[in-house]
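Following: one structure in structure tokens, then a few remarks.
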Amino acid sequence: MFNQIKSKEKKISVIGLGYVGLPIALEFAKNVPVIGFDIKPERVEMMKNKIDPSQELSSEDFEGADIEFTDNPQDLKKADFHIVAVPTPINEHNQPDLTPLLSACKTVGQNIKKGDYVVFESTVYPGCTEEDCIPVLEKESGLKFPDDFKVGYSPERINPGDKEHTLTTIVKVVSGCDAEALDNIAKVYEMVVEAGVHRASSIKVAEAAKIIENTQRDVNIALMNELSIIFSRMNINTYEVLEAAGTKWNFLRFYPGLVGGHCIGVDPYYLVYKARELGYHPQIINSGRFVNDSMGGYIAKQLVKRIIGLQKDIRTAKVLVMGVTFKENVSDIRNSKVVDVINELKSYYIDVDVVDPYAKPEEVKHEYGIDMTDVKDNYDAIVVAVNHKEYLDLNEEYFKQIMNGKGILVDVKGIYRNKINKDNFYYWSL
Ligand SMILES: NC(=O)c1ccc[n+]([C@@H]2O[C@H](COP(=O)([O-])OP(=O)(O)OC[C@H]3O[C@@H](n4cnc5c(N)ncnc54)[C@H](O)[C@@H]3O)[C@@H](O)[C@H]2O)c1
């Protein structure tokens, strides 16, 4: 397979051209012909015009790429090595929603032929590729696994908004259904991943590796969030404590914050689901999820207490929330926990203005029913919820100008703690 791809006798296809799929498709397309397939015609149209709908790549990134963008599943027949990178969200009960993944398996299954390879990149629980995906591929294709087609799994580690850790610069874990498949899959990825590949011993190991990377982060951030709740009661600043503790060589660098988005706050639920199916009820992972999911409400309640403490009428209080995306310097608002802060404040009848230099107002309205606005003045409190680069250099004067006298500054990520005179505000951070 690898030699034929390299010599351009065989083609690669990428199914699902989002944050993960598009960069992969374009990187391969710099070397070999690629079919880029997505179910959303409007996204395909944008990509044909060298526009990344996820706003991560520029039109230059499309230059020189030998790629055919399509929303016609039949075009997948022209390819032989298929990479699946569709979303793997959770439902309202925090359980895996495999609908997009199984639907992609159906599409791929209907269009593969004997000898083809299918490699999954979507984040899943260990066992999902073999137990859930392969049966659909077999059923739809009428082919028999592993004699007629091969399967692999290679998790994605890219980090939206991060220009340093990219597909080519991060070591990529690869796995295959047998030794020959692993070798071919590893060599195909080695064509584009300059940092090299790690050959995992099985598909399940590769699936598990990905899911624990994000679970580890989630649990560690939850610990920092819990510490922050404790330190707030002690009137000490968590970031100052972490700065001091961080001088020890083996102290791990994690910080408190709102854990949103579609990876860290979602993936642990995939592992929890599988563990439960096997009769084990995870305690630490679930506790971490609980703590992180409650931080939005916690931040809002801390602010409400402080507004009441200033003897202000909570129903006429005006609060500005700066930043609504799930993390800094991206436009992605999916599963943003800032929305929990906003909704909790609104539940106290507080008048909340929301601004963000990246988020698209129409998406925020559509997703959360929140109208974004411009920065006004006379705020009783300002919550800097996301550390966008545009906010890092804001100074004391800026906040003073838009506040109603000595107001409350909620600096969620602690970015101003060494930059402003905290005595001029009722300052609070996680
Ligand atoms: N975004 C990240 O930073 C990141 C990092 C690591 C892993 N992942 C994982 O990668 C996977 C993809 O995530 P993403 O962020 O790229 O998602 P995304 O929402 O940005 O993109 C998914 C794309 O797949 C398309 N799609 C949906 N169903 C489809 C189907 N049945 N057939 C073809 N196309 C379909 C959508 O139209 C969309 O363009 C997920 O499992 C995610 O957990 C994401």
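Where a number appears in this text, it was derived from the coordinates with a stated rule and is not lab data. The structure presented is a predicted model; accordingly, all values stated were derived computationally and were not measured. For neighbour counting, all protein chains shown are included, and Cβ atoms are generated from backbone atoms with ideal geometry for every residue, glycine included.
Worth a mention:
- Placing unit charges on the Cβ atoms only, positive for Lys and Arg and negative for Asp and Glu, gives the chain a dipole magnitude near 880 debye about its Cα centre.
- A quarter of the convex hull surface defined by the alpha-carbon atoms of segment 106-207 gives 6.5 nm² as the mean projection.
- The spacing between segment 253-292 and segment 1-73, judged by their C-alpha centroids, is 32 Å.
- FRET efficiency, 1/(1 + (r/R0)^6) with R0 41 Å, evaluated for residue 77 and residue 235 via beta carbons: 0.05
- Rg/Rg_globular for segment 2-201, with Rg_globular taken as 2.2 N^0.38 Å and Rg from C-alpha atoms: 0.95
- Where only C-alpha atoms are counted, convex hull volume of segment 194-316 per residue in Å³: 183 Å³
- Between segment 302-320 and segment 351-376, the alpha-carbon centres lie 21 Å apart.
- Computed over the Cα atoms of the chain, the ratio of the radius of gyration to the Kirkwood radius (Rg/Rh) comes to 1.02.
- Listed by chain and number, the aspartates and glutamates placed with their C-alpha closer than 19 angstrom to that of residue 365 are 332, 340, 344, 351, 353, 356, 374; residues fewer than eight positions away on the same chain are left out.
- Springs join every pair of Cα atoms under 10 Å in this Gaussian network model of the chain, and among 369, 176, 288 the largest mean-square fluctuation is at 369.
- Working note: Cα atoms of segment 277-370, range along each principal axis, descending, whole Å: 52, 33, 21.
- Remark: C-alpha extents of segment 219-429 on the principal axes read 56, 44, 31 Å, sorted largest to smallest.
- With the helix formula -39500 (n - 2.57) applied to DSSP H stretches of n ≥ 4, the chain reaches a computed 222 nm mean residue ellipticity of -11000 deg cm²/dmol.
- A simple spin-label model places the labels of residue 169 and residue 334 2.4 nm from each other, with each point 7 Å out along Cα-to-Cβ.
- Under 28 Å of direct C-alpha separation, and excluding same-chain neighbours fewer than eight residues apart, residue 312 reaches these lysines: 301, 337, 346, 376, 400, 406, 413, 419, 422.
- All aspartates and glutamates inside 17 Å of residue 187 as judged from Cα atoms, apart from same-chain residues fewer than 8 positions distant: 9, 27, 80, 116, 121, 156, 178
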